[in-house]
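*Asks:* Have a look at this one.
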Amino acid sequence: MPVAPIASNGNGVPFLVAAGIVYEIIAAACSSPQTAELNAAKRAETLMKWVHVGLAESVLFIAIAAYVDRKHTRPIIWGGGLAAVIMYGSYWHAKRAGLASAAPGTEDW
């Protein structure tokens, strides 16, 4: 299903709330993709572990929201799912780009 019909049926707010909660939960579990890329040499081992933890937490919250607000189940799942894919890709790219870079990190420990 395209995103446009979801947003045009008055479901835009639940869609955005679901997407926002995924971004917030993963951000709470991880540093930003930019920081992850800059410091991948030291953080690569734990980076994706915490992305996976954040995604698991996000799935739980999205599932609860979709169950409780059955009127908006589809936009909640679509918003959360799309945000999860985008954020996972962002951190995956940050890890790969950071490990391939010879630039010095920003952390000293």
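*Asks:* Collect the residues in the range 85-109 that are more than 16 Å from the chain's Cα centre (by Cα) and among the hydroxyl-bearing types (Ser, Thr, Tyr), keeping them in residue-number order. Before the answer, list the steps.
*Replies:* In the first step, residues of the range 85-109 are kept if they are more than 16 Å from the chain's Cα centre (by Cα); the result is 96-109.
Of everything in the range 85-109, those that are more than 16 Å from the chain's Cα centre (by Cα) and among the hydroxyl-bearing types (Ser, Thr, Tyr) turn out to be 101, 106.
*Asks:* Okay, next question. Which one is modelled with the highest pLDDT, of the residues in the range 24-55 that are surrounded by 17 or more Cβ atoms within 10 Å (Cβ to Cβ) and closer than 15 Å to residue 81 by Cα?
*Replies:* 55
*Asks:* Could you tell me which residue of the range 67-84 is surrounded by the most Cβ atoms within 10 Å (Cβ to Cβ), considering only residues that are over 11 Å from the mean Cα position of the chain (by Cα) and of a type in the set (A, V, I, L, M, F, W, C)?
*Replies:* Once the filter is applied, the top-ranked residue is 76.
*Asks:* Taking the range 85-109 as the search range and keeping residues that are aromatic (Phe, Trp, Tyr) and touching a helix residue (DSSP H, G or I) at 6+ places or on another chain (Cβ under 7 Å), which one is surrounded by the most Cβ atoms within 10 Å (Cβ to Cβ)?
*Replies:* Of the residues in the range 85-109, the ones aromatic (Phe, Trp, Tyr) are 88, 91-92, 109.
Retained after the next criterion (residues that are touching a helix residue (DSSP H, G or I) at 6+ places or on another chain (Cβ under 7 Å)): 88, 91.
Details: 88: 17, 91: 23.
Only one residue fits best here, namely 91.
*Asks:* Taking only pairs six or more apart or across chains, which ones have beta-carbon atoms under 9 Å, a first residue in the range 93-109 that is on the phi < 0 side of the Ramachandran plot, and a second residue that is at pLDDT below 95 and not in a helix (DSSP H, G or I)?
*Replies:* Every condition considered, the pairs that remain are 94/32; 98/39; 98/105; 105/39; 106/39; 107/39.
The values are calculated or read from the model by the stated rules, or taken from the named source; none is laboratory data. Model, not experiment: these values are computed from the prediction. Note that we place each Cβ from the backbone using ideal geometry, even for glycine, and neighbour counts take in every protein chain shown.
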